[in-house]
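For reference, the structure discussed in these notes is given below.
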């Protein structure tokens, strides 16, 4: 192997190693909305969606890394049929939010509205 190629290989490996360490450190940090998402979860609200729904993905993206803490209920089976649970609840579109007081909201909901309906500070 030529000396120039060896140096290039070492540089690439160092960069990949650095990016890997950076990604590991970042994954351990709490999300910006962790306390908000946990409060929404604790409030009794439910977020019904489907894995294939772009609006559901956009709703989750509003929470960033904190989306993992949301009270998300998957309504779609792997073959894109609706689950019996969501049928029983009358879910007709995604995302659908059902709040503890019985309020139902469809579509992407602003964080401020979720905050108001759950009494959870953002």
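None of the figures in this text is laboratory data; all of them are computed from the coordinates on show. Bear in mind that the values here come from a model prediction, so they are computed numbers and not experimental data. Methodologically, a virtual Cβ is constructed for each residue, glycine included, from the backbone with ideal geometry; neighbour enumeration extends over all protein chains shown.
Look at 94, 48, 72 and count the other Cβ atoms within 10 Å of each Cβ; fewest to most, that gives 72, 94, 48.
On a full-extension model of 0.36 nm per residue, what is the gain between residue 34 and residue 65, subtracting their alpha-carbon distance, rounded to one decimal in nm? Intermediate values should be presented prior to the final figure.
On the way: separation 31, 0.36 × 31 = 11.16 nm, distance 0.79 nm.
10.4 nm is the gain from fully extending residue 34 to residue 65.
Using a ≥ b ≥ c from the Cα gyration tensor of segment 42-113 (square roots of the eigenvalues), is it rounded, prolate or oblate, where a/c under 1.5 gives rounded and otherwise the larger of a/b and b/c decides, a/b for prolate? Here segment 42-113 falls in the oblate category. Spin-label model, residue 104 to residue 119: label points 7 Å out along the Cα-to-beta-carbon direction sit 2.4 nm apart.
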